[in-house]
Amino acid sequence: MTDVRLRVAPSPTGDPHVGTAYVSLFCLAFVRQQGGQFVLRLEDTDRARFRDDSEQQIYDMLHWLSLDWDEGPDKGGPYAPYRQSERLETYRPHVDKLVADGRAYYCWCTPDRLQEMREDQQKRKVPTGYDRLCYGKTREERAELPGASDAAVVRMLIPDDVSLVFDDVIRGEVHAPRPDDQVILKADGFPTYHLAVVVDDHLMGITHVVRGEEWISSTPKHLLLFDWLGWDRPAFAHMPLLRNTDKSKISKRKNPAARLTWFREVGYLPEALVNFLDLLGYSLPSGEEIFTFAEMSASFDWSRVNTVGPVFDLDKLGWLNGHYLRALAEDDLVRRMLPFLQTAGLLGAEATPEQRAALAAAVPLIQTRMALLTEAPGLLRFLLVEEDDFVVDPAAAEKSLVGAEPVLTAAVTALEPVETWDTEHIQAALDAALLDGGLGLKRGKAYAPIRAAVCGSSVSPPLPESLALLGKDRTLRRLRAAGV
Ligand code: GLU
């Protein structure tokens, strides 16, 4: 039995699309279950949309999600090269064969002529599609007619009886619309996606083509090419399109969540995103919603993949993120927070051992309070900030410090004599001075000015714990500075 070989084939045209991770995840679940190989191929023949930094971003984001490939441009492999732009000479002989066999033909129509043709078809309300003006003509014959250019493209000659039905691993029998005479070689000599994908899937021994639902309409053309070139057809699995909550297709222009880098920037954990993407297309037989990639892979079955466009519900992702954040070991959470604290300027490029120790001590206070890693700087600023840089947020000052001198004075007086500077003693001293038996305040009211003065904000981890972490000197200094 041959190993299964699956591939993901992103085009490096900008920030990696969330669909690249989605497809990779499902490919990998199957490959790891079956013991086959997963290939990363870069479909970079669209030179107009090519972006230089995109390739590295694709690697970074897939690594971030631990979606690792066995063969690819960076790793090499038995079917290298894995960048289509480095395989250009591979495609041409297949085009020549298709032309020689009468399966494809040259077309010299200029873009203007094609545009006019389409407009005319629309006006006449007939189906749009290439009208085969060039079919059966030599270059000289065609040059006699208007709208001819010097450089030719090559088009498939789609037969009248093309089969529009195929078997999909996820969907069963699928009916696709009739294709146009697809261009397979562009005037610049680059193959189009449709030719390159078929040639490469064949030459790379791909057994299952897994891709988004938007490619269903192209599959009949691809099947024709496999047949015409005398190659075995791979299996096809079309994943449901990811949709916005209004059911529209998720696109990078309209929704930041279509960009993989966005999830890392706003502080989601990769394991939460992987679980979320799993859930968008898959459910475990047990119905359990929180599961790892390994669990999904072990139970993987194409028949369990959803075909109904899954809705990208960020509330669900937030819920999963909270779960995974709470499950992290202390030092792991510290490690994950570091880049966010560095970006916020609270830590240098290297956290000092003291800073790391302070963070580790703070983790139990914030772990259950965070929904996203980007909240870490706000929660920890009071602890990490250089004393000279400490300022009280003006909104918090306005809300809680105006007229609060009696509370602040009482707090200083109560805290000065505390010798054992821990949560328990701090709380006992503050409560005795500020609640019943002292100023007679409720705890929330009593703590608000202290929180503003010492933490600089209206939200902080629990107050006595925060003061314990901050230390007596800094606590008293800030209380005094706030107006005592
Ligand atoms: N380059 C195509 C894309 O980025 C790949 C489609 C396919 O997997 O066949 O969507």
Query raised in the report: With (1) under 36 Å from the mean Cα position of the chain (by Cα); (2) under 18 Å from Leu467 (Cα atoms) as the list, and Thr374 as the residue in question, which single condition is left unmet?
Result: (2)
Requested in this report: Have a look at Val99, Val31 and point out the one that is in a helix (DSSP H, G or I) and either crowded, with 23+ Cβ neighbours inside 10 Å or at pLDDT below 95 (or both).
Outcome: Val31
Query raised in the report: Mind checking which residues of the range 222-245 are touching a helix residue (DSSP H, G or I) at 6+ places or on another chain (Cβ under 8 Å), assigned to a strand (DSSP E or B) and not aliphatic (A, V, I, L, M)?
Result: Phe236, His238
Report summary line: Among Trp231, Trp262, Trp215, the single one that is away from the ligand (no atom under 16 Å from the Cβ) and either crowded, with 20+ Cβ neighbours inside 10 Å or among the aromatic types (Phe, Trp, Tyr) (or both) is Trp262
Query raised in the report: List, please: which pairs have Cβ atoms under 7 Å, are six or more places apart or on different chains, and start with a residue in the range 416-427 that is within 12 Å of Leu467 (Cβ to Cβ) and end with one that is of a type in the set (Asp, Glu) and modelled with pLDDT of 95 or more?
Result: Thr423/Glu465
Requested in this report: Could you please find all residues in the range 428-467 being in contact (Cβ under 8 Å) with a residue 40 or more places away in the chain and on the phi > 0 side of the Ramachandran plot?
Outcome: Gly456
Query raised in the report: Does any residue in the range 85-106 that is under 11 Å from Leu185 (Cβ atoms) come within less than 8 Å, Cβ to Cβ, of a residue that is in a helix (DSSP H, G or I) and of a type in the set (Gly, Ala, Ser) six or more places away or on a different chain, and which pairs are these?
Result: Tyr91/Ala196
Report summary line: Considering residues that are without any contact (Cβ under 8 Å) to a residue 60 or more places away in the chain and part of a loop (DSSP other than H, G, I, E, B), the number found within the range 371-384 is 1
Query raised in the report: Failed condition for Pro12, given (1) within 11 Å of the ligand (Cβ to nearest atom); (2) crowded, with 21+ Cβ neighbours inside 10 Å; (3) under 19 Å from Met239 (Cβ atoms), with all others met?
Result: (3)
Report task. Tell me, please, whether a residue that is within 12 Å of the ligand (Cβ to nearest atom) and within 16 Å of the chain's Cα centre (by Cα) can be found in the range 63-77. Result -> no
**Report entry** Residues that are farther than 30 Å from Trp302 by Cα and within 30 Å of the chain's Cα centre (by Cα), drawn from the range 158-194
**Finding:** Phe190, Pro191
Query raised in the report: Across the range 48-61, what is the number of residues that are within 14 Å of the ligand (Cβ to nearest atom), out of contact with any Leu (no Cβ under 7 Å at 6 or more places or on another chain) and of a type outside the set (S, T, N, Q)?
Result: 4
Query raised in the report: Out of the residues in the range 115-157 that are in a loop (DSSP other than H, G, I, E, B) and within 39 Å of the chain's Cα centre (by Cα), which is surrounded by the fewest Cβ atoms within 10 Å (Cβ to Cβ)?
Result: Pro127
**Report entry** Those residues of the range 131-183 which are within 30 Å of Phe30 (Cα to Cα) and without any contact (Cβ under 8 Å) to a residue 12 or more places away in the chain, in sequence order
**Finding:** Val165, Gly172, Glu173, His175
Query raised in the report: Of the conditions (1) in contact (Cβ under 8 Å) with a residue 12 or more places away in the chain; (2) not in a loop (DSSP other than H, G, I, E, B), Asp315 fails just one. Which one is it?
Result: (1)
Report summary line: The number of residues in the range 175-205 that are away from the ligand (no atom under 16 Å from the Cβ), assigned to a loop (DSSP other than H, G, I, E, B) and surrounded by fewer than 19 Cβ atoms within 10 Å (Cβ to Cβ) is 6
Query raised in the report: Is it the case that the range 255-278 has a residue that's over 18 Å from Arg32 (Cα atoms), at pLDDT below 90 and out of contact with any helix residue (DSSP H, G or I) (no Cβ under 6 Å at 6 or more places or on another chain)?
Result: yes
Query raised in the report: Mind checking whether some residue in the range 264-278 is without any contact (Cβ under 8 Å) to a residue 12 or more places away in the chain and of a type in the set (Lys, Arg)?
Result: no
Query raised in the report: What number goes with the only condition from (1) closer than 19 Å to Trp108 by Cβ; (2) away from the ligand (no atom under 16 Å from the Cβ) that Gly172 does not pass?
Result: (1)
Query raised in the report: Quick one: is Asp278 under 17 Å from the mean Cα position of the chain (by Cα) and surrounded by fewer than 18 Cβ atoms within 10 Å (Cβ to Cβ)?
Result: no
Report summary line: Quick count over the range 214-231, residues being under 21 Å from Val4 (Cα atoms) and touching a residue at least 24 places away in the same chain (Cβ under 8 Å), is 5
**Report entry** Which listed residue, of Asp167, Asp112, is assigned to a helix (DSSP H, G or I), of a type in the set (D, E, K, R), exposed (fewer than 14 other Cβ atoms within 10 Å of the Cβ) and modelled with pLDDT of 95 or more
**Finding:** Asp112
Query raised in the report: For the range 406-438, which residues satisfy the criterion of being at pLDDT 95 or above and part of a loop (DSSP other than H, G, I, E, B)?
Result: Glu416, Pro417, Val418, Glu419, Thr420, Trp421, Asp422, Leu435
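The values are calculated or read from the model by the stated rules, or taken from the named source; none is laboratory data. Source: prediction; values computed, not measured. No Cβ is skipped: glycine too gets one built from the backbone with ideal geometry, and neighbour counts run over all protein chains shown.
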